[in-house]
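Shown next, in structure tokens, is the structure this report addresses.
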Amino acid sequence: MNEKKILNLTTLSSIDLLFKTIFEMLVLVVVTNLFGTEVVGKIGIATGVFVFIAYLAFSPETYLLKEINKIQKNLAMYYQVFSLFWIFRFIVLLLLIIIISTYFFMEKGNELALIFLVISLIQLIKIYQQSIYEFYYVTYQQKIVVIQGIAFKIFFTLLLGVIYLKPSLNIFLLIYFLSYFVPLIYWLYDSKKRFAKKDISITLVDVKGMFLELKDFSIWDHLIKSSLNAMYRIDTFILFLFLSPLQIGYYTLALSISNYFQIIPQFFQKALVLFFDKEVSNGALLKKSLKANLIVNVIQVLAFLILGKIAIEMIFNTNTDEVYRISLILIVAVSIFNIVRPYQSLLINLTTMKNLFIKIYLPILGWSVVSLLTFVYMWGIDGALISKLLTFVFLSLLLIKMSNNIKVGIK
């Protein structure tokens, strides 16, 4: 895959991520201004609980991008097999969501149960969509995903304006759900038309062989991504054990704001995974990428330090000082990891995903959960912030240490 295609792929992917993040922020603006920060907190709780469900959402199709040239001849067969797997995965996770929603309904009341059900279904649909998108990426049709995705987001953003005419949480949740469900139906239809072939016959031997081929990368890749997602989002679930939805609402808003500060570093990381080569010296490229990441993240933190409070006050009807304080600390924590993301990109090429998970992400996830439980119990939201800062510091140090152990020098 040449450099131009790599940059096109990563650039379009980042544009798509930007519009998704903007849409999610607009959703929080609507919720905060019309229904209050407490409802935002309940959305945060739902997202935090879904972190555990996401561990079961194994996504074998991530292998496709890694072996983009190898799988081209059998792409239709991969699509057929994965389609069956996606349906099975969807049914299993849907049943789990219904069980947890029933528990919330019985123990926590109708509103939290309904919010959890809708938010979890949306998260499940996102996973399904992302699985489908991989086939567009490996066939260099990512522009279709971005353009259609932006069109859907613009339409449903305008539709959210209806809520201001007659504020209703139920109508909002319906529109929010449809903003993901309708595109899913479209992508299911379009992807089948593009990638499926009627004359392909698939045997159990084919399926078994395919998953054996995937297991060394996809399983561990999934566990790493799920663990990193947990480090970002499990806070709200832990806070739910000790604090009120209003306090969790402040934290959820701040967490969403900090998501913006990952877009550019994620763009660099996706490109670097493809540029790094296990057969050549990567020191010079690593040095340049670390320098670029440092500059970008320092600028981002300074920009928020100066303008963040004003922006929050203008956009959200909430406790500006508290949301700004939490956001600033979360952004610093995220920026620490953002700076060393090139090490992760490098290690993906120089070691196994299993090695990365067992030696880095598993122990850091364990620390994150234990420290959150302990610190939140002792200090509330401040405890969560201390845990988050230390988690990303430790994660960054372990990534650097492993890189040094395999003798990747910066010259």
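None of the figures in this text is laboratory data; all of them are computed from the coordinates on show. Given the structure is predicted, the values throughout are model-derived calculations rather than measurements. All Cβ positions, glycine included, derive from the backbone under ideal geometry; neighbour counts span all protein chains shown.
Brief remarks follow.
- The orientation-averaged shadow of the Cα convex hull for the range 247-411, equal to a quarter of the hull surface, comes to 9.9 nm².
- The mean sequence separation of alpha-carbon pairs under 8 Å and at least six residues apart, normalised by the residue count of the range 335-411, gives a relative contact order of 42 percent.
- Charge dipole (debye, nearest 20) of the chain; +1 at Cβ of Lys and Arg, -1 at Cβ of Asp and Glu: 1120
- Between the range 335-411 and the range 152-168, the Cα center-to-center distance that results, in Å: 39
- Whole-number percent relative contact order across the chain, with pairs defined as alpha carbons under 8 Å at least 6 apart: 25
- Mean Cα-pair separation over length for the range 247-411, i.e. relative contact order, pairs under 8 Å, 6 or more apart, %: 34
- With helices as the sole contributors, the chain gives -28500 deg cm²/dmol at 222 nm; each DSSP H run of n ≥ 4 counts as -39500 (n - 2.57), and the sum is divided by every residue.
- Dipole in debye (nearest 20) - the range 284-395, about Cα centre, beta carbon charges: Lys, Arg +1; Asp, Glu -1: 640
- Gain in span if fully extended, residue 321 to residue 190, counting 0.36 nm per residue against the direct Cα distance: 42.5 nm
- P(r) of the range 326-411 over all Cα-Cα pairs, binned every 5 Å from zero, in whole percent: 3, 15, 22, 22, 16, 11, 7, 3, 1, 0
- Projected label distance in nm at residue 405 and residue 305, using a 7 Å step from Cα toward the beta-carbon: 3.4
- Overall dimensions of the chain by Cα: Rg and Dmax, Å: 21.3, 62
- The modelled label-to-label distance between residue 22 and residue 349, using points 7 Å beyond Cα along the C-beta direction, is 3.2 nm.
- Size-normalised alpha-carbon gyration radius of the range 13-134, reference 2.2 N^0.38 Å: 1.26
- Hydrophobic, long helices, defined as DSSP H runs whose alpha-carbon span along the helix axis is 20 Å or greater and whose mean Kyte-Doolittle value is at least 1.0, occur in the chain at 3-35, 37-54, 75-107, 110-138, 142-160, 283-315, 320-339, 362-379, 381-405.
- Likely footprinting exposure, 248, 306, fewest C-beta neighbours within 10 Å first: 306, 248
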